[in-house]
Amino acid sequence: MKALQCVEMGGPDKLEINEVESPSAIPGHVVIDVKSGSINFPDVLMIQGLYQYQPPLPFTPGGESAGIISEIGEDVTKFKVGDKVFAMTGTGAFAEKILAHEGSCTLIPDSMDYDSAAALSMTYGTSLYALKQRANIQPGETLLVLGASGGVGIAAIELGKAMGAKVIAAASTQDKIDMCMAHGADEGFIYPSGNLDRDQQKQLSNKIKELTGGMGANVVYDPVGDSYAEPCLRATAWEGRYLVIGFAAGEIPKIPLNITLLKGCQIVGVFWGAWVGLFPDENKKNFDELFKLHAEGKINPEVSQRYALEDSAEAFSHLANRKAKGKVIINM
Ligand SMILES: NC(=O)c1ccc[n+]([C@@H]2O[C@H](COP(=O)([O-])OP(=O)(O)OC[C@H]3O[C@@H](n4cnc5c(N)ncnc54)[C@H](OP(=O)(O)O)[C@@H]3O)[C@@H](O)[C@H]2O)c1
């Protein structure tokens with residue numbers, strides 16, 4: 001079968017499409033004929049050797065896939081050949097077939113296509129866990145989403161709206177803001193791209209306060225980090241929750257703790273993958289909630305670009321160069 005392979009650490013130009021041996025089912029596992037895989041920011045970090053988990057070389061990148069089960073191993077109880085599933089495997093998604101543990105697979109509802117299923121699990125899974133279990137967001141509260149047109153950002157906008165929040169989207173270009181508004185954001189504003197200096201940080205804080213009537217945001221959803229983090233924490237409301245999602249802008253920020261004292265606010269870590277491992281049944285309930293919201297038309301994963309497996313390197317560059325909006329899909 002054909003598979004994308006990372007044979008040496010580096011940028012997307014180092015990726016290769018190679019002919020590799022097809023997997024066979026082993027006990028507890030299924031083989032999926034992959035139809036769609038979606039790229040996430042961690043995939044971009046992993047091929048450069050910059051992610052917290054690094055598989056040995058060579059490896060096939062891609063943590064999320066959707067397809068049809070073509071083989072099942074002994075002891076598999078939940079699935080049969082022909083089932084439509086999505087799988088969260090950490091790696092291996094950008095290939096014609098993938099071997100997946102049955103515990104990493106979820107049946108796709110009939111109403112959902114393969115691209116949407118591949119686009120949904122990590123982004124909406126992360127954002128629902130963040131807003132529900134971690135922030136306990138309440139109807140009427142204000143939610144500020146940074147990097148709002150990205151994968152987890154769009155999911156946070158739609159879920160925030162579905163949970164009754166007033167959503168403010170922040171992103172680096174007008175066309176990204178336009179897309180956030182089309183996905184339900186109530187307000188949107190452009191922040192500068194690059195390392196923010198002191199004046200730009202102050203302007204960012206002031207803008208958030210202006211849009212929240214001077215109160216600050218009740219919940220801040222931050223997948224960007226770096227110099228964007230502190231000014232947003234400074235613009236949280238009393239007893240606000242600042243969600244640490246990721247550091248797409250590069251640096252891990254160091255925050256003066258007196259801000260939390262002055263605002264009675266919380267800095268809340270969000271590590272969805274670890275939570276799924278610890279509480280798979282709770283995550284299953286969250287997925288069921290996502291399927292219901294999808295069937296009701298309240299969430300709608302945005303797939304902005306589709307690439308063939310042969311063009312995977314281009315797909316990686318698109319995400320790495322901050323050009324992606326919504327989700328980027330690789331179709332086998
Ligand atoms: N905590 C968790 O459990 C969890 C789960 C999934 C993902 N994440 C993390 O969340 C972050 C976002 O993931 P994603 O899949 O949404 O990525 P994405 O689709 O690429 O979106 C990231 C957004 O960050 C902004 N950004 C700011 N500086 C950037 C830079 N230097 N390079 C690239 N983007 C930059 C971009 O928006 P603007 O151009 O508008 O600023 C971009 O839209 C990543 O750090 C990822 O590791 C965390």
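Scanning the range 45-62 for residues that are in contact with a Ser or Thr (Cβ under 9 Å, 6 or more places away or on another chain) and of a type outside the set (Phe, Trp, Tyr) gives 46, 55, 60, 61, 62. Is the range 282-302 home to any residue that is modelled with pLDDT under 95 and within 13 Å of the ligand (Cβ to nearest atom)? Yes: one or more hits. Consider the range 61-114 and keep the residues that are in contact with a Phe, Trp or Tyr (Cβ under 8 Å, 6 or more places away or on another chain) and polar (S, T, N, Q). The one that is nearest to residue 297 (Cα to Cα) is 106.
I'd like to check something: does the range 205-212 contain any residue that is modelled with pLDDT of 95 or more, among the acidic types (Asp, Glu) and farther than 29 Å from residue 119 by Cβ? Scanning the range 205-212, I find at least one residue that is modelled with pLDDT of 95 or more, among the acidic types (Asp, Glu) and farther than 29 Å from residue 119 by Cβ, so the answer is yes. Could you check, for the range 69-91, whether at least one of its residues is under 27 Å from residue 323 (Cβ atoms), of a type in the set (Ser, Thr, Tyr) and surrounded by 14 or more Cβ atoms within 10 Å (Cβ to Cβ)? Looking for residues that are under 27 Å from residue 323 (Cβ atoms), of a type in the set (Ser, Thr, Tyr) and surrounded by 14 or more Cβ atoms within 10 Å (Cβ to Cβ), one finds at least one in the range 69-91, hence yes.
Condition check for residue 192 on (1) free of Cβ contacts under 8 Å to residues at least 24 places away in the same chain; (2) out of contact with any strand residue (DSSP E or B) (no Cβ under 8 Å at 6 or more places or on another chain); (3) in a helix (DSSP H, G or I): one failure, at (3).
Here residue 213 meets each of (1) more than 10 Å from the ligand (Cβ to nearest atom); (2) part of a helix (DSSP H, G or I); (3) not β-branched (Val, Ile, Thr) with one exception, condition (2).
Has the range 133-150 got any residue that is outside any loop (DSSP other than H, G, I, E, B), within 11 Å of the ligand (Cβ to nearest atom) and assigned by TED's automatic domain parsing to the domain that holds residue 232? Yes, some residue in the range 133-150 is outside any loop (DSSP other than H, G, I, E, B), within 11 Å of the ligand (Cβ to nearest atom) and assigned by TED's automatic domain parsing to the domain that holds residue 232.
Against the conditions (1) touching a strand residue (DSSP E or B) at 6+ places or on another chain (Cβ under 6 Å); (2) more than 17 Å from residue 253 (Cα to Cα); (3) not basic (Lys, Arg), residue 236 satisfies every one except (2). Residues of the range 80-103 that are hydrophobic (A, V, I, L, M, F, W, C), outside any loop (DSSP other than H, G, I, E, B) and under 17 Å from residue 117 (Cα atoms): 85, 86, 87, 88, 95, 98, 100.
The residues of the range 151-168 that are within 20 Å of residue 40 (Cβ to Cβ) and either of a type in the set (A, V, I, L, M, F, W, C) or in a strand (DSSP E or B) (or both), listed by number, are 152, 154, 155, 156, 157, 159.
The values are calculated or read from the model by the stated rules, or taken from the named source; none is laboratory data. Computed from a predicted structure; not experimentally measured. Every residue, glycine among them, receives a Cβ derived from its backbone with ideal geometry; neighbour counts consider all protein chains shown.
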